[in-house]
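Engineer: Please read through the structure below; I'll follow up with questions.
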Amino acid sequence: MSLFALAGLAVDIAATPHTLRTWPAGSYVEGKWTQGDGVEAPIRAIMQAPSARDLESLPEGERTEGLVTVWSRTPLNSADEDDRTRADEVMNARGEAYRVVKAQDRAEGGFYRAIARLITHDRGRSVPEPVELP
């Protein structure tokens with residue numbers, strides 16, 4: 001059994017209930033940008049403090065407090081400026097919400113791993129709202 005398969009097994013054993021909020025793409029309505037409403041779904045995930053290696057994978061100015069590593073079998077997505085999609089948010093049982101800033105599909109183990117920032121510590125690094133059309 002590979003290390004990734006063992007990590008996937010650990011996700012199955014240690015995961016606890018969380019809530020995932022995803023954001024469908026918005027659209028223009030009569031020339032005005034309208035963001036899609038957030039959709040919440042229950043997931044099972046592990047949330048833990050990030051390792052030094054996790055922190056080093058982020059740009060230097062992004063290595064601040066309020067970061068966690070999230071492991072889940074459910075896909076986790078960061079913001080995509082090309083598609084103008086917002087980053088997913090993961091909420092724990094205490095109601096703390098974390099926005100995904102970096103996500104990896106670990107297909108070899110069948111799980112997803114992400115670094116997320118506590119929303120109260122987020123400095124607005126999400127996809128900017130498009131300009132209104134004339």
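The numbers here are math on the coordinates, done by the rules we state, and not lab data. The structure displayed is predicted, hence computed values, not measured ones. Methodologically, a virtual Cβ is constructed for each residue, glycine included, from the backbone with ideal geometry; neighbour enumeration extends over all protein chains shown.
Engineer: For S27 and D83 in one chain, what is 0.36 nm times their gap in residues minus the Cα-Cα distance, to one decimal in nm?
Structural biologist: Working: separation 56, 0.36 × 56 = 20.16 nm, distance 1.11 nm.
Taking 0.36 nm per residue and subtracting the Cα distance, the gain is 19.0 nm.
Engineer: Oh, and also: Taking the Cα centre of region 63-110 as the origin, how large is its charge dipole in debye, to the nearest 20, when only Lys and Arg (+1) and Asp and Glu (-1) carry charge on their Cβ atoms? Provide the component values of the computation, followed by the final result.
Structural biologist: Details: 8 positive and 10 negative charges, 44 e Å.
It comes to approximately 220 debye.
Engineer: How do 101-110, 84-93 rank on mean C-beta neighbours within 10 Å, highest first? Can you show the working numbers first?
Structural biologist: Working: 101-110: 15.3, 84-93: 19.5.
The densest-packed peptide leads the list: 84-93, 101-110.
Engineer: Neighbouring Cβ atoms within 10 Å as the yardstick, rank Y28, Y112, Y98 fewest first. All intermediate terms of the calculation are to be shown ahead of the outcome.
Structural biologist: Numbers: Y28 11, Y112 22, Y98 26.
Lowest to highest Cβ neighbour count: Y28, Y112, Y98.
Engineer: Let me ask something else about it. To the nearest 0.05, how large is the calculated FRET efficiency for L118 and R73 if R₀ is 25 Å and r is the Cβ-Cβ distance? Let's see the in-between values first.
Structural biologist: Working: r = 23 Å, r/R0 = 0.92.
The value I calculate is 0.65.
Engineer: Near the amide H of L67, under 5 Å away, which other amide H atoms are found, from residues 5 or more places off or on another chain, if H is placed in the peptide plane?
Structural biologist: Answer set, sorted by chain and number: L118.
Engineer: Next question, about the same structure. Work out how much length S2 to R44 would gain on full extension: take 0.36 nm times their residue separation and subtract the Cα-Cα distance, in nm to one decimal.
Structural biologist: Numbers: separation 42, 0.36 × 42 = 15.12 nm, distance 2.23 nm.
12.9 nm is the gain from fully extending S2 to R44.
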